Amino acid sequence: MKDYFTTRRFLHICEVCGRIELLTTDEAFHNGWDYPPHMGAFGVVSPRTCPDCSMMDTVWAELMLKEKKPEDLNQRQSEALYRILEEPLNLIGREDMGNRAVITTRKNLETRGIGVYLHWNGGRDSVEAFLEYCRLRRFRPPDEDCLGWARLVQVIANYFQGGLSIGVETVDHLNTDNGDNGVYIIEGWTITGREYFNGAEQDRCDRDDLLMEIDLAQPEKDRLGFEFLRLSEERPASEIRIGDQVWIPVCSEDTLQIETVNGIRDDGVPYIERYGRTFYLMEANYRVVKSNKPQ
């Protein structure tokens with residue numbers, strides 16, 4: 001939802017004459033409206049006027065220029081003040097009430113198991129980024145461990161920072177046929193199916209940028225960091241060479257650090273020697289920071 005009010009139509013309500021139009025912020029600006037986010041900020045008192053009305057008749061003028069107190073405003077002005085302070089979610093039209101989606105597994109959909117409801121950021125590009133972030137954090141997925149749901153919800157709720165809707169319920173109590181993005185069926189941390197959706201998939205957001213945004217929204221101690229997300233690449237273990245610097249889990253599966261590959265076993269498995277022990281890289285893929293891969 002972070003870019004919703006710069007890209008989608010929302011209600012513009014003139015606080016002076018009561019005129020209402022459903023416009024994008026660019027349309028409103030070019031038509032002569034004084035309205036956030038082009039003019040002023042949501043939730044902050046400033047003029048909210050149509051092209052035909054003067055800012056001298058606004059709540060802003062009454063409070064700032066005429067130095068009235070809020071209790072001295074008339075009913076129309078008091079209602080306008082309340083509406084401004086409740087922005088921006090109260091400006092969403094009924095026909096455009098979110099970017100909703102439900103995330104669940106095939107088994108849970110068929111047996112009324114757990115699902116996660118998103119009121120915003122339910123487009124495929126956002127959902128894939130949330131799932132990919134969980135994979136990069138090495139969380140066990142929901143179809144392997146029920147705590148995977150908690151991890152997914154934690155990541156998304158941190159991204160929303162408490163201001164937007166996310167829900168967890170049994171699928172039969174969630175809005176699956178929501179008119180936006182329907183249901184995403186996941187296996188592991190990958191989308192494998194769709195239900196209640198037959199439209200064009202959303203693909204507006206750059207994956208790398210969105211992963212960085214998600215990461216920065218997490219508690220500092222839990223972040224993957226710029227070096228991991230932007231200065232390394234995922235590579236099959238079979239392509240890793242001696243001298244490559246590889247991100248590997250240490251102590252806890254949630255903690256990653258860079259280690260240098262010391263050798264390759266006869267069967268092609270790379271290994272790292274540390275603390276007097278040999279650690280074999282047995283997973284399918286690893287994040288590699290520095291590559292000695294032949295050109």
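From the list E132, E169, exactly one residue is surrounded by 13 or more Cβ atoms within 10 Å (Cβ to Cβ), of a type in the set (D, E) and in a strand (DSSP E or B). Which is it?
Details: E132 fails: in a strand (DSSP E or B).
After ruling out the rest, the residue left standing is E169.
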**Q.** Looking only at segment 215-264, and only at residues there that are modelled with pLDDT under 90 and acidic (D, E), the one that is surrounded by the fewest Cβ atoms within 10 Å (Cβ to Cβ)
**A.** E253
Q: Would you mind telling me which numbered condition in (1) surrounded by fewer than 19 Cβ atoms within 10 Å (Cβ to Cβ); (2) on the phi < 0 side of the Ramachandran plot; (3) in contact (Cβ under 8 Å) with a residue 40 or more places away in the chain Y117 fails?
A: (1)
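Does segment 214-224 contain any residue that is of a type in the set (G, A, S) and over 30 Å from R100 (Cα atoms)?
Start the filter on segment 214-224 by keeping residues that are of a type in the set (G, A, S), which leaves 217.
Next, only the ones that are over 30 Å from R100 (Cα atoms) stay: none.
No, segment 214-224 contains no residue that is of a type in the set (G, A, S) and over 30 Å from R100 (Cα atoms).
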Q) Out of (1) over 28 Å from V289 (Cα atoms); (2) not in a strand (DSSP E or B), the odd one out for Y184 is which? A) (2)
Q) Just wondering, is there one or more residues in segment 75-91 that are touching a Leu at 6+ places or on another chain (Cβ under 9 Å), among the small types (G, A, S) and in a loop (DSSP other than H, G, I, E, B)? A) no
Q) Which of the residues spanning segment 184-211 are surrounded by 11 or more Cβ atoms within 10 Å (Cβ to Cβ), among the aliphatic types (A, V, I, L, M) and either more than 16 Å from K107 (Cα to Cα) or at pLDDT below 95 (or both)? A) L210, L211
Q) Given the conditions (1) out of contact with any Asp or Glu (no Cβ under 6 Å at 6 or more places or on another chain); (2) under 22 Å from T176 (Cα atoms), which single one is not true for T105? A) (1)
Q: Can you run down the residue pairs with Cβ atoms below 9 Å, 6 or more apart or on separate chains, where the first is in segment 9-36 and without any contact (Cβ under 8 Å) to a residue 40 or more places away in the chain and surrounded by 15 or more Cβ atoms within 10 Å (Cβ to Cβ) and the partner is in a loop (DSSP other than H, G, I, E, B) and among the aliphatic types (A, V, I, L, M)?
A: A28/M39; F29/M39; W33/M39
Q: Test V155 against the criterion of being outside any loop (DSSP other than H, G, I, E, B) and either modelled with pLDDT of 95 or more or among the small types (G, A, S) (or both), and give yes or no.
A: yes
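If you take the residues of segment 232-241 that are assigned to a loop (DSSP other than H, G, I, E, B) and in contact with a strand residue (DSSP E or B) (Cβ under 6 Å, 6 or more places away or on another chain), which of them is farthest from L136 (Cα to Cα)?
Residues of segment 232-241 that are assigned to a loop (DSSP other than H, G, I, E, B), as a first pass: 232, 240-241.
So of that shortlist, the ones also in contact with a strand residue (DSSP E or B) (Cβ under 6 Å, 6 or more places away or on another chain) come out as 232, 240.
Details: S232: 12, I240: 18 Å.
Selected residue: I240.
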(Q) Test of understanding: among L89, L73, L118, L65, which residue is in contact with a helix residue (DSSP H, G or I) (Cβ under 8 Å, 6 or more places away or on another chain) and either assigned by TED's automatic domain parsing to the domain that holds S165 or within 30 Å of V168 (Cβ to Cβ) (or both)? (A) L118
(Q) I need the full set of residues from segment 92-112 which are touching a helix residue (DSSP H, G or I) at 6+ places or on another chain (Cβ under 6 Å) and part of a loop (DSSP other than H, G, I, E, B), in order please. (A) R112
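The values are calculated or read from the model by the stated rules, or taken from the named source; none is laboratory data. Because the structure is a prediction, the values reported are computed rather than measured. Backbone-built Cβ (ideal geometry, glycine too); neighbour counts: all protein chains shown.
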